[in-house]
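Student: I'd like to ask you about the structure that follows.
The values are calculated or read from the model by the stated rules, or taken from the named source; none is laboratory data. Just so it is clear, the structure is predicted and the values come from calculations on it, not from any experiment. All Cβ positions, glycine included, derive from the backbone under ideal geometry; neighbour counts span all protein chains shown. Accessible surface areas use protein heavy atoms only, side chains included; no ligands, DNA or RNA. Shrake-Rupley method; radii C 1.70, N 1.55, O 1.52, S 1.80 Å.
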Amino acid sequence: MRVLMTITPGTGHTYPMVPLSWALQSAGHEVLVASSGPGLALGEAGARVVDVAPGLSLDRMVGELARKHPEVAAKLLQEASGVPYLEVVGGAVAAALRLQPDMVGAVIRTAEEWRPDVVVHSPLFTPGMVAAAKLGVPAVQHGFGFVNPSAEMMGELHKDLFDAHGVSLPRARATIDITPPSVLPTGEGMWPMGYVPYNGGGPLPKPLYELLTTRPEKPRVAVTLGSGPVPGEAAVILERIIASAPKADAEFVVVLPRVDLEPFGTLPGNVRAFDWVPYGALLATCSAVVHHAGPGTALGAMYHGLPQIMPNFKGLGRPVVAKAVADRGLGVVAEPGDIGPELLESVAADPSVRRAAAEVRAEIASMPAPHTVVGRLEELAAR
């Protein structure tokens, strides 16, 4: 079986698809990835890749959208009551893709040249759906957690693209959902699959290797704001952590890619900062996590059964994730200025939070493994 993976060029969209790529190749199937920028990380994980837009990344796409359609980008930051989040973000993605016709065309052309038996696409990435429809093969959406837009919604929002190629929605569709059902119930047409952490590879610098192979004497708290654009409130979080760390009976590992920490002065002795850390390996040594409510970060904390504290950042869907995590009892949402030793200690020690975290960790372990989903893909492609 030939499988084409079409991925939005963002790290958070790419890493969750690595385990399925591994499982497909282990079962003897061919995998080709059509993406750009961070989406090409699947090549580092062993898949063959085609760069459909050299130099393009999700950050750049968002930047171009903000410059050319500020009214669309502004909707992402709105929290107006009654505004369906998926429709807002789906419309924004459709508008962003219209600004990248060369990439859209290259994805569809790659599919026509390679002739896959099934297309697996990241959420909201309509070029993969159009390619599947043109070839008459199934299209399977691979979720990155919490956000699972319907094909019908995306078909309507990006109707011009489907019409331009003379197709409607693919004949066979499904969605791989990696969110534990007790956190967000799995809907019709969704295939559950247990989350498997992957955060990139490569050699570890010695200080990082020593950190990841040493059990801390005090509770270790991970502080991360993800791999995408860092919210403006990040400065408040860092200031709070740095100011309160000397009073805390814990050590903090701050992970902030592309952030200059020099303006914050000398870090306390119990605060260590890195621009990248293999997140899963770090969390295996931690007692709690402070994070931005990114889907992958939240799922990683669940996988390791850790209490979570999420600053109340605005926009970009993060409130959707934060609410689901908090509603399940896995942690709390707090104003950035309230994050400090007292809150950390109370959440980490809360028996109800620890119990919920252990339940969801066990739930993830019981969900179908990627090799099981490979079997479902084989059945779908054979119809």
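Student: Tell me, what does the Kirkwood hydrodynamic radius of segment 242-301 come to in angstroms if you use every pair of distinct C-alpha atoms? Intermediate values should be presented prior to the final figure.
Tutor: Working: mean 1/r = 0.0786 Å⁻¹.
After inverting the mean inverse Cα-Cα distance, the result is 12.7 Å.
Student: Label-point separation (nm) for ASP102 and MET153, each offset 7 Å from Cα along Cα-to-Cβ?
Tutor: Between ASP102 and MET153, the label points sit 3.2 nm apart.
Student: Another question, then. Multiply the residue gap between GLU71 and ARG376 by 0.36 nm, knock off their C-alpha separation, and tell me the result in nm, one decimal place.
Tutor: So the extension gain works out to 105.7 nm.
Student: Nearest 0.05, what FRET efficiency do ALA243 and GLU217 give at R0 = 25 Å with Cβ-Cβ as r? Spell out each step's value before the answer.
Tutor: On the way: r = 23 Å, r/R0 = 0.90.
Calculated transfer efficiency: 0.65.
Student: Given R₀ = 25 Å, FRET efficiency for THR266-VAL236 by Cβ-Cβ distance, to 0.05?
Tutor: 0.85
Student: Using a 1.4 Å probe over the heavy atoms of the protein chains, calculate the carbon and sulfur portion of the accessible area of the chain as a whole percent.
Tutor: Carbon and sulfur: 54 percent of the exposed surface of the chain.
Student: Hand me the trypsin sites (Lys or Arg not before Pro) from segment 286-338 located in a DSSP loop with no more than 14 other Cβ atoms within 10 Å, in residue order please.
Tutor: On the way: sites: LYS314, LYS323, ARG328; in loops: LYS314, ARG328.
Taking segment 286-338 and a limit of 14 other Cβ atoms within 10 Å, the loop trypsin sites (Lys or Arg not before Pro) found are LYS314.
Student: Tally Lys/Arg at +1 and Asp/Glu at -1 over every other residue whose Cβ is under 15 Å from the Cβ of PRO205; what's the total?
Tutor: 0
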